[in-house]
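The values are calculated or read from the model by the stated rules, or taken from the named source; none is laboratory data. Quick caveat, the model's predicted, so the values are computed rather than measured. Counting neighbours? That spans all protein chains shown, and the Cβs are built from the backbone with ideal geometry, glycine included.
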Amino acid sequence: MKQISFLLIGLFCTIASFAQTEIKIEDIGKHVGDSVKVCAKIYGGIFLERVKDTPTFLNVGGSYPNNPLTIVIWADVRKEFEQKPEEFYKDKAVCIFGKITLYKDKPQIVLYNKNQLVLSPMVGGQ
């Protein structure tokens, strides 16, 4: 029963994430607090293995520190990825689904499952 509940919750979250408003990366700052879909290129990332909660940060739409968006992947979600996200997604076009929040006045999207980050065949202007 527990597995079925977990599966249904995951399915609901995945379906809900794909029903979000699509925005352009350059408009990211106008949508803080909104749940969105944004497609852009990953310019790089870093896995901070020795930092509390071992975060992975991916730079979306530009190189750090000029990236308009950061994807945050905590250790529990990182385990869901078959490959290291900071290596696999580098220089690839992706679509990200999630709620935009601010950290030190910079937009970010925290991933709660790997399905929030998908490869995109084409990204306009990127």
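For the stretch 91-105, the count of residues that are assigned to a loop (DSSP other than H, G, I, E, B), surrounded by 21 or more Cβ atoms within 10 Å (Cβ to Cβ) and of a type in the set (Phe, Trp, Tyr) is zero.
The single condition among (1) assigned to a loop (DSSP other than H, G, I, E, B); (2) among the acidic types (Asp, Glu); (3) out of contact with any Lys or Arg (no Cβ under 9 Å at 6 or more places or on another chain) that Glu26 does not satisfy is (1).
Say we look at the stretch 33-66 and pick out the residues that are within 13 Å of the chain's Cα centre (by Cα) and assigned to a loop (DSSP other than H, G, I, E, B); which of these is surrounded by the fewest Cβ atoms within 10 Å (Cβ to Cβ)? Per the stated criteria, the residue is Pro55. Listed by first and then second residue, the pairs linking a residue in the stretch 74-85 that is in a helix (DSSP H, G or I) to a residue that is modelled with pLDDT under 95, with Cβ atoms under 6 Å apart and 6 or more places separating them unless they lie on different chains, are Ala75/Asp53. Regarding Tyr64, is this residue aromatic (Phe, Trp, Tyr) and within 15 Å of Lys104 (Cβ to Cβ)? Criteria met by Tyr64.
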